[in-house]
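Below is one structure; the comments refer to it alone.
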Amino acid sequence: MRSDVVRTRLGPIECAREGDGLPVLVLHGTPGGVDAAGLMAGFLPRPEFSPILVSRPGYLGTELGARRTVDEQADLLVALLDELGIDRAALLSWSGGGPVGYRIAARHPGRVRALVAFAALSKGFAEPPAPLLDRVLFGTGVGQWLLRTAGALLPRAYVTGALDNEGNLSRDQLRAQANAVLADPAQRAFLLSLIPTTARTGARKAGCDNDFEQFAAFDPHDLGSIAAPTLIVHGDADTDVPPDHGAHAAAAIPGARLRTVEAGTHLCLYAHPEAETVQREVTDFLRTS
């Protein structure tokens, strides 16, 4: 994937656009980057859809600069649409990309055709203390090497660990979901390809650190002003962003639809026995909204 740094009236942002179909602005989580956005958009049919992949401020090729708050980042992304000559776009957000997606829809209603928020933060969120193992795996170069090695040499162990870390599945559910992911080439490839995007070090550190500062102060006061058709997808076993974030947004946004994925972890749109079904629902929603 080739990305470029686009100069907007509110500063530079790393971006890659695929095709000329229905534009979908893809907002990655925390951590992430344009590479993670590319993985998120993988299920959208081309050339019908044209994903606009970005690195949010502080990630990879997008400098953090003064674009720290959720409002500033929302305005920056609308400035990107201006620079690309796009009047209206759909939004697809995941996890830590949720606040920016919601704020774009609230602050710039005329620019949003539809909104899909997957496992998205919708209210203030304090980062919980991370276990030592997580701090090593995601916060050090050695930890990232260990994750990549596990993914390459011990894919079953890696997939099982990823699902277990992102949800509160029973032992039987965990085994069944790991088997389903390993048997599905697309789901398996997604999880293994996601590994490099999970680093909280290097070119992703500034964005990740800033995200958690902003999440703690996030005020979702204007969710009720969102007018765009909204689909919220959330797993009921998500331990990364608890399901009440999805329920809160669905209750606050007029006409929003909540799609709860049973035994769904924070990865369930991409790694779950029903993932393909839910992806079709998302695609149909974007197509018809």
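Read-outs throughout are calculated quantities, based only on the coordinates presented, and are distinct from any laboratory measurement. Bear in mind the structure is a predicted one, so any value in this text is a computation, not a measurement. Because the Cβ atoms are built from the backbone with ideal geometry, glycine has one as well, and the counts that use them run over all protein chains shown.
Given springs between every Cα pair under 10 Å in a Gaussian network model of the chain, which of LEU121, LEU258, LEU133 has the largest fluctuation? Maximum among the listed residues: LEU133. Please build a GNM for the chain, connecting alpha carbons under 10 Å apart, and tell me which residue among ALA36, ALA119, ALA186 fluctuates the most. The residue with the greatest mean-square fluctuation here is ALA186.
Candidates GLY207, SER225, GLY246 compared by Cα position along the dipole of the range 195-266: farthest toward the positive end lies GLY207, with charges placed on Cβ. In terms of Cα atoms, the Rg and Dmax of the chain work out to 17.6, 52 Å.
Calculated on the alpha-carbon coordinates, the convex hull of the range 104-151 measures out at 151 cubic angstrom per residue. Principal semi-axes of the equivalent ellipsoid, √(5λ) from the alpha carbon gyration tensor of the range 43-86, are 23, 13, 9 Å from largest down.
Considering only alpha-carbon pairs that sit under 8 angstrom and 6 or more positions apart, the relative contact order computed for the chain is 20 percent.
The order of MET1, MET40, going from fewest to most other C-beta atoms within 10 Å of their C-beta, is MET1, MET40. Compute the distance from the alpha-carbon center of the range 165-192 to that of the range 241-279, in whole Å. Centre-to-centre (Cα) distance: 17 Å.
Across the range 192-202, rounded Karplus estimates of 3J(HN,Hα) from the backbone phi angles (6.51 cos²θ - 1.76 cosθ + 1.60, θ = phi - 60°) give 6, 6, 6, 3, x, 7, 8, 5, 9, 10, x Hz, Gly and Pro being marked x. With Cα atoms defining each centre, the range 96-144 and the range 194-227 are spaced 4 Å apart in the structure. Result for the chain in a Gaussian network model with C-alpha springs under 10 Å: among SER93, SER55, SER170, the largest mean-square fluctuation is at SER170. Computed from phi, the 3J(HN,Hα) profile of the range 259-267 under the Karplus parametrisation 6.51, -1.76, 1.60 (θ = phi - 60°) reads 10, 8, 9, 5, 6, x, 8, 5, 10 Hz, with x in place of Gly and Pro. The string of couplings for the range 230-245 from the Karplus curve (6.51, -1.76, 1.60, θ = phi - 60°) is 10, 10, 10, 10, 8, x, 7, 10, 6, 9, 7, 10, x, x, 5, 5 Hz, one whole number per residue in order, with x for Gly and Pro.
Think of it as helices only: each DSSP H run of n ≥ 4 in the chain is worth -39500 (n - 2.57), and spread over all residues that comes to -13000 deg cm²/dmol at 222 nm.
In Å, the Kirkwood hydrodynamic radius of the range 132-197 over pairs of distinct alpha carbons?
12.2 Å
Database remark: amide H of LEU27 closer than 5 angstrom to the amide H of LEU92, SER93, TRP94 (H placed geometrically; neighbours at sequence offset of 5 or more, or on other chains; Pro and chain starts carry no H). Around the amide H of ARG88, modelled in the peptide plane, lies no amide H under 5 Å away from a residue 5 or more places distant or on another chain.
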